[in-house]
1. From the phi of every residue in region 252-260, what ³J(HN,Hα) in whole Hz does the Karplus formula 6.51 cos²θ - 1.76 cosθ + 1.60 yield, where θ is phi - 60° and glycine or proline is x?
2. Please compare each pair in K110/K138; K43/K212; K110/K135; K138/K195; K121/K159; K110/K212 to a cut-off of 27 Å on the Cα-Cα distance and tell me which ones are over it.
3. Given a 1.4 Å probe and heavy atoms of the protein chains only, how would you sort L243, L56, largest accessible area at the top?
4. What is the local net charge at A112, summed over the other residues whose Cβ is closer than 10 Å to its Cβ (Lys, Arg +1; Asp, Glu -1)?
5. Calculate log10 I(q)/I(0) of region 58-181 for q = 0.11 Å⁻¹, where I(q) comes from the Debye formula with a single equal point scatterer on each Cα and nothing for solvent.
6. Trypsin sites (Lys or Arg not before Pro), restricted to region 156-209: which are DSSP loop and have at most 11 other Cβ atoms within 10 Å?
7. Among the trypsin sites (Lys or Arg not before Pro) in region 37-107, which ones are in a DSSP loop with at most 13 other Cβ atoms within 10 Å of the Cβ? Mind listing them?
8. Could you pull the accessible area for I76 with a 1.4 Å probe, rounded to 10 Å²?
Amino acid sequence: MDLNRFKPMDSTRVLFCVFSILAQILAEQEVENLSGLSTSPDKDIFVVRENGTTCLMAEFAVRIVVPFDVLAMNGIDLITEQALMTLPRGAEVQGKCGSTEAELQMSWNKDAYTFSLFFIKEAHNLSKGQDVVWKINKIQFAYDTNEPSHFGNAFNPEKHTASSHRLSAFVTPAGRSYECQAQQTISLISSDHQKGVTISMSEVRIQPFDIKIDFMFSEAYKCITDQREQLEEMLPLILGIILALIIVITLAVYHIHQKMTANQVQLPRDRSQYKNM
């Protein structure tokens, strides 16, 4: 009696467990490195997908400059040198999507280097209403000075992490992607004696939230530098059009004036001729 009574309950639990496992499998996120499709040799392309749809897309070229110490020839003093690196095409990628937080992480050289971008979406109350934006609120770069390809003869080689401080970068209205062709530089502070690591990003197109169409960015929000450069490129054209309009108006006014003058009665300059008129 007791066994028969609990059989339906056991079946329900089994079904619930099965559905829970299936939901977890379906909710798993896929991350793809599509840098091989980039037309630019320096630009990388990354896509994070959740439940079969794109939830984060990023395209950019990044250049990282890391200072490190080497022992001088006298064996006493330390000299600071710089390691210059870029993201390799074969970097391993991980990502996370969420309604208000997202993350993109790229690792290479057997995890000797890890470059991470952290995104957040937030709302600001304004007099005209609520303004919702997303931005990068943290950038982190972990590196190992034991890795010889960039840190040859490093003094006391070990692992370090460089992080941004109170970062608010690439601020973009919600529902739009951020685009900036111009180079932008962000400074990080390293755990290696507070050395400054420089991150330079260019050819940027990023959208970590609210992607409406699979594998497609939403309307671009261009950075101020790109807007200024676009205006500078258009300025000669605008001035040329204005000058052409001025010339056309001047010629039109002159032509109208000539016609009006021709239709007027010409009065003789010699006053003696007025008697014959």
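1. Result, rounded to whole Hz: 5, 4, 5, 5, 5, 4, 5, 5, 5.
2. K110/K135; K121/K159; K110/K212
3. Details: L243 105, L56 0 Å².
From most exposed to least exposed: L243, L56.
4. Values: positive: K110, K159; negative: D111, D144, E147.
Taking every Cβ under 10 Å from that of A112, the sum is -1.
5. Summing over Cα pairs of region 58-181 leads to -0.51.
6. Details: sites: K159, R166, R176, K195, R205; in loops: R166, R176, K195.
Hits after loop and neighbour filter: R166.
7. When the trypsin sites (Lys or Arg not before Pro) of region 37-107 are filtered for loop state and at most 13 Cβ neighbours within 10 Å, R89 remain.
8. Estimated to the nearest 10 Å², I76 gives 130 Å².
The values are calculated or read from the model by the stated rules, or taken from the named source; none is laboratory data. Quick caveat, the model's predicted, so the values are computed rather than measured. Note that we place each Cβ from the backbone using ideal geometry, even for glycine, and neighbour counts take in every protein chain shown. Heavy atoms of the whole protein, side chains included, go into the accessibility calculation; ligands, DNA and RNA do not. Shrake-Rupley method; radii C 1.70, N 1.55, O 1.52, S 1.80 Å.
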